[in-house]
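**Q** Dropping a structure here in structure tokens format, bear with me for questions.
Bear in mind that the values in this text are calculations on the coordinates, not laboratory data. On a predicted model such as this, the values are computed, not experimentally measured, just so you know. Counting neighbours? That spans all protein chains shown, and the Cβs are built from the backbone with ideal geometry, glycine included.
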Amino acid sequence: MLKNELETAIALARSAGKRILEFYALEIIAEQKFGADNFSEPVTIADRTASKIIVEGLAGAFPKDAILSEEEADDADDRMIGKRVWMIDPIDGTWGFIKKDGDFGVQIGLTENDQPILGVVFLPFHNELFYAARGAGAFLLENNEKPKRLEVSGKTNFTAMNLASSRNHRSPKMHRIIEDFGFKQEIQRGSVGLKIGLIARQIADIYIHLSPRTKFWDSCAPQIILEEAGGKMTDLFGAPLRYDLHDVQNHNGILASNGAAHATAVNKLRALLNEFGRFKITKSV
């Protein structure tokens, strides 16, 4: 099941990644664009080129599916009535790409009836490919070696757990969270997909993203990879992430974990979010 979809997504991610590395080797010129949340953010020709490769490839292979890409206009009405929707971030971690720190990835996710069912995250600079399909497990392919099945840790004591946090979008409130939880170590990296990969590989155990500015294409592919590795991803308040809304923004942030410590983390975060004046935003369709 989903064999064709997975093979197609992997091939397109690799093709896009190859072109991205060609741009990466040159001088990178960033422009500014206004995203879905009307905030200014960087974009490059590499983002647009990768998006075109993936969108055209998916549209040709699966013409009945709806497609949402960060670098394309969103036909929300078509997307809302589609049973299956592809969600694409051609370069997740554009700041890492611009800074040439290696922390960026191609993300291709597929939802069916609002639920992520397939995900591919390709990190071109590191040549690491994460992929998963519902009910089939999550895997990592490094340097074209044999795929390794991924499984999260079973840690529940926060003082023994490593926190994955954002390198380029760090909130000052993270210091308060780290202090309160007492994490063993903080690992700062770019790209949502890369940090979720750290949890799936047991390098990290939890990821807390306070910002309300991630979008569906940031979380879709990483979510199914994490879930198939035994982990869990919700908003900061423990509610499921929804992918069936006109508004593509994850207003309530992201909490990703090994699953074993998820409920405890939600409860512990609750008091801190109240302290920060952060309250749950309810979105309607």
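**Q** For all pairs of alpha-carbon atoms in the stretch 158-275, what percent lies in each bin of width 10 Å, listed from the first bin to the last filled one?
**A** 14, 52, 31, 2
**Q** What's the longest uninterrupted piece of the chain once you rule out the GluC sites (Glu not before Pro) that are loop residues per DSSP with at most 10 other Cβ within 10 Å?
**A** Here the longest segment lacking exposed loop sites spans 146-285.
**Q** Could you check which residue among ALA221, ALA265, ALA132 shows the biggest mean-square fluctuation in a GNM of the chain with a 10 Å Cα cutoff?
**A** ALA265
**Q** For ASP205, ASP75, ASP218, what ranking results if the residue with the fewest other Cβ atoms within 10 Å of its Cβ goes first?
**A** ASP75, ASP218, ASP205
**Q** May I ask you to work out the translational diffusion coefficient for the stretch 3-149 at 10 °C, viscosity 1.306 mPa s, via Stokes-Einstein with Rh from the Kirkwood sum over Cα pairs, reported in whole µm²/s?
**A** After rounding, the answer is 101 µm²/s.
**Q** Starting with the fewest neighbours, write out TRP86, TRP217 ranked by other beta-carbon atoms found within 10 Å of each beta-carbon.
**A** TRP217, TRP86
**Q** Output ³J(HN,Hα) for the stretch 17-30: one whole-Hz value per residue in order, computed from phi by the Karplus curve 6.51 cos²θ - 1.76 cosθ + 1.60 with θ = phi - 60°, and x for Gly and Pro.
**A** For the stretch 17-30, the Karplus-derived couplings read x, 4, 5, 4, 5, 5, 5, 4, 6, 9, 5, 9, 10, 9 Hz, x marking Gly and Pro.
**Q** May I ask you to work out the translational diffusion coefficient for the chain at 10 °C, viscosity 1.306 mPa s, via Stokes-Einstein with Rh from the Kirkwood sum over Cα pairs, reported in whole µm²/s?
**A** Answer, rounded: 85 µm²/s.
**Q** Mind checking which lysines have their C-alpha under 26 Å from LYS33, skipping anything on the same chain fewer than 8 residues away?
**A** The qualifying lysines are LYS18, LYS52, LYS99, LYS100, LYS195, LYS215, LYS283.
**Q** Give me LYS64, LYS184 sorted ascending by neighbouring Cβ count inside 10 Å, so fewest comes first.
**A** So the ranking, lowest neighbour count to highest, is LYS64, LYS184.
**Q** Rounded to the nearest Å, what's the spacing between the alpha carbon centres of the stretch 225-285 and the stretch 46-121? Just the number, please.
**A** Cα centres, the stretch 225-285 to the stretch 46-121: 22 Å.
**Q** Also, I was wondering about something else. Determine the dipole magnitude for the stretch 3-149: charges of +1 sit on the beta-carbon of Lys and Arg, -1 on that of Asp and Glu, nothing else is charged, the reference point is the Cα centre, and the result goes in debye to the nearest 20.
**A** 660
**Q** Is the stretch 79-228 rounded, prolate or oblate when judged by the Cα gyration tensor, a ≥ b ≥ c being the square roots of its eigenvalues, rounded requiring a/c under 1.5 and prolate requiring a/b larger than b/c?
**A** rounded
**Q** Per the Debye formula with a single identical scatterer at each Cα and no solvent contribution, what log10 I(q)/I(0) holds for the stretch 52-93 at q = 0.16, 0.25, 0.26 Å⁻¹?
**A** Rounded to two decimals, the profile gives -0.37, -0.87, -0.93.
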